[in-house]
Amino acid sequence: MTLCKVCSDLSRDDKSICIVESPSDVLAIESTGGFRGKYFVLLGRLSPIEGVGPEDLGIDDFLSLLSIEDIQEVILATSSTVEGDATAMFISDHIKDIKVSRISYGIPIGGELEYVDGNTIARAIQGRTEVNVD
């Protein structure tokens, strides 16, 4: 398996891996400085209608990687589309004994609720976090 410049950096956390659909997703996440783990780029998402299955995305390779690497968390950062959600669900259903999380979706900072679509608001409500944790 070929590693990109980001993932070949020895200072990165090799215990967490973020699944993304495209190299531009890696760049978007990297621009935040909020993730210091490694990535697995699918180069697409599951789409039975378009004939894209798990074998086309290297999901089997990813699952094999989990069996040989000491990965402690898989972060699913696929798109918020039907296909992206299906891809995330498919991957999470095939991972055992490793923490799996999904990036949250919601209201952008500075966003006004009246301008946000209903699906985004619903996801924001579902993905809410507790603020009065002691």
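The values are calculated or read from the model by the stated rules, or taken from the named source; none is laboratory data. Given the structure is predicted, the values throughout are model-derived calculations rather than measurements. Here Cβ is always computed from backbone atoms with ideal geometry, including for glycine, and neighbour counts include all displayed protein chains.
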Hits in segment 62-109 - residues which are free of Cβ contacts under 8 Å to residues at least 12 places away in the same chain and surrounded by 15 or more Cβ atoms within 10 Å (Cβ to Cβ): 85
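Any idea how many residues of segment 3-55 are assigned to a helix (DSSP H, G or I), aliphatic (A, V, I, L, M) and more than 14 Å from the chain's Cα centre (by Cα)?
Final tally of qualifying residues: 1.
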When residues of segment 29-61 are limited to those that are out of contact with any helix residue (DSSP H, G or I) (no Cβ under 7 Å at 6 or more places or on another chain), under 17 Å from residue 6 (Cα atoms) and in contact (Cβ under 8 Å) with a residue 24 or more places away in the chain, the one surrounded by the most Cβ atoms within 10 Å (Cβ to Cβ): 38
Single residue of segment 98-130 satisfying the filter (of a type in the set (S, T, N, Q) and in a loop (DSSP other than H, G, I, E, B)) that is nearest to residue 67 (Cα to Cα): 104
Candidates 71, 95, filtered to the one that is out of contact with any Leu (no Cβ under 7 Å at 6 or more places or on another chain), under 26 Å from residue 13 (Cβ atoms) and assigned to a loop (DSSP other than H, G, I, E, B): 71
Qualifying residue in segment 76-85 (condition: under 20 Å from residue 16 (Cβ atoms), of a type in the set (A, V, I, L, M) and at pLDDT below 90): no
Residue in segment 102-115 that is closer than 21 Å to residue 18 by Cβ and in contact with a strand residue (DSSP E or B) (Cβ under 8 Å, 6 or more places away or on another chain) present: yes
Among residues of segment 1-28, those that are touching a helix residue (DSSP H, G or I) at 6+ places or on another chain (Cβ under 9 Å), within 21 Å of residue 82 (Cβ to Cβ) and loosely packed, with under 14 Cβ neighbours inside 10 Å, counted: 0
